[in-house]
1. Leaving out ligands and nucleic acids, note down the accessible area per residue over the chain with a 1.4 angstrom probe, in whole Å².
2. Based solely on C-alpha atoms, express the radius of gyration and the Dmax of the stretch 15-66 in angstrom.
3. Please sort by residue number the trypsin sites (Lys or Arg not before Pro) in the stretch 3-104 whose DSSP state is loop and whose Cβ has at most 13 other Cβ atoms within 10 Å.
4. Calculate the radius of gyration of the Cα atoms of the stretch 3-95 to one decimal place, then report Dmax, the largest Cα-Cα distance, as a whole number, both in Å.
5. Quick check: at a probe of 1.4 Å, how many percent of the accessible area of the chain sits on carbon and sulfur atoms?
6. Using helices alone, what [θ] at 222 nm do you get for the chain, with -39,500 (n - 2.57) per DSSP H run of 4 or more residues, divided over all residues and rounded to the nearest 500?
7. Given Cα pairs under 8 Å that are at least 6 residues apart, what percent is the relative contact order of the chain?
8. Between beta-carbons, use under 9 Å as the cut-off and find the net charge around Val77, counting Lys and Arg +1, Asp and Glu -1.
Amino acid sequence: MNKIEIKCVASKGAVMPVYKTTGAAGADVCALVDQSVTIPAGKFAMIPTGLFFEIPEGYEIQVRPRSGLAAKNGVTVLNTPGTIDSDYRGELKVILINLGDQDFIVNTGDRIAQIIVSPVTVADFTLTDSLSDTQRGEKGFGSTGV
């Protein structure tokens, strides 16, 4: 288990992330808003959580949508997966987008996203004039079928 230090603004109603089942990969995070936030259909909003993380070097936290919000309301995380880097100490804010056809209201305590702790591989990027050949080559979008 990886230990992640969290500063939680509990005095204002922030909620610690929680795994809802023993097999859950993602821990739910909740909104912490001063007043209800209405996200009109087709629009997005940045929703604070009141959570600040100290992530060990070599790890990141990925912010992902909650499937229930997407399936029932058409609400998802705009920059999914969002990344919280190990050197970031600011508040976790989640950019929610409402792709549904009705306004969506966010209140403090609403589960708005889930977070995944993941190891980071740092690449050694090297400049070259050519790349090796493969069967696929430069064929892109849809080239392997639907």
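The values are calculated or read from the model by the stated rules, or taken from the named source; none is laboratory data. Remember, predicted model here, so these are calculated numbers, not experimental data. When we count neighbours, we look across all protein chains shown, and the Cβ atoms used for this are built from the backbone with ideal geometry, even at glycine. Just so you know, the surface numbers come from the protein's heavy atoms only, side chains and all, with ligands and any DNA or RNA stripped out. Shrake-Rupley method; radii C 1.70, N 1.55, O 1.52, S 1.80 Å.
1. Numbers: 10030 Å² over 146 residues.
Result: 69 Å² of accessible area for each residue.
2. Gyration radius and largest Cα-Cα distance of the stretch 15-66: 13.6, 38 Å.
3. For trypsin sites (Lys or Arg not before Pro) across the stretch 3-104 that sit outside H, G, I, E and B with at most 13 neighbouring Cβ atoms in 10 Å, the list reads Lys3, Lys20, Lys43, Arg89.
4. Final numbers for Rg and Dmax: 13.6, 38 Å.
5. Carbon and sulfur atoms account for 51 percent of the accessible area of the chain.
6. Dividing the helical sum by the residues of the chain leaves -1000 deg cm²/dmol.
7. Across the chain, relative contact order equals 30 percent.
8. Summing Lys and Arg as +1 and Asp and Glu as -1 gives +2.
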